[in-house]
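Heads up: the structure comes next, in structure tokens.
The values are calculated or read from the model by the stated rules, or taken from the named source; none is laboratory data. Everything numeric in this text was worked out from a predicted model, so none of it was measured. Note: ideal-geometry Cβ built from the backbone for every residue, glycine included; neighbour counts use all protein chains shown.
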Amino acid sequence: MTAIEKPSRADRLRRNEEKRIAHRVEVLRARARRHRDNYGRARGDPLTWEDWKRVIRERDRWRCLHCGRSSKEPPHHIDRVGGGIEAGKNSHDNLILLCATHHAEAHEYVASVGEWRLSAEALRAILAERYGYVYG
């Protein structure tokens with residue numbers, strides 16, 4: 001008779017993380033359902049900026065996804081309205097946690113090159129690699 005193998009610590013941690021994320025998604029969906037009008041249409045974003053900050057910080061484990069340092073910065077909007085300074089939409093695939101240094105670089109436009117110092121493409125690549133987000 002063979003003994004039943006115990007799951008490894010890494011497997012248990014991954015399973016717990018998956019459960020935590022699934023629970024968080026359910027909470028967000030329930031909140032979104034409460035924010036619908038009589039015709040079933042969404043009445044704008046049901047989450048406040050404080051909610052989004054908490055969700056993204058928890059998702060990224062309070063670490064800069066570019067360098068891994070601890071971060072208390074607000075999440076960075078990857079896509080901006082009209083490519084300018086004004087923030088874009090609040091969504092999981094448009095927000096990323098960065099440390100103060102990389103957040104400043106993400107907002108620094110290098111006129112001589114005509115690009116942002118830390119490009120949106122580089123940030124999207126980090127999210128795609130880490131969380132599997134697909135960008136069109």
Among the helices (runs of 4 or more DSSP H) contained in the stretch 49-136, which hold 3 or more residues that are more than 21 Å from Ile21 (Cβ to Cβ)? 100-106, 120-131
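Could you say which residue among Glu50, Glu73, Glu105 is at pLDDT below 90 and acidic (Asp, Glu)?
On the way: Glu73 fails: at pLDDT below 90; Glu105 fails: at pLDDT below 90.
When all the criteria are applied, what remains is Glu50.
For every residue, the table says whether it meets (1) under 15 Å from the mean Cα position of the chain (by Cα); (2) surrounded by 15 or more Cβ atoms within 10 Å (Cβ to Cβ); (3) of a type outside the set (Asp, Glu).
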residue: Lys89; (1), (2), (3): yes, no, yes
residue: Ala100; (1), (2), (3): no, no, yes
residue: His103; (1), (2), (3): yes, yes, yes
residue: Ser112; (1), (2), (3): no, no, yes
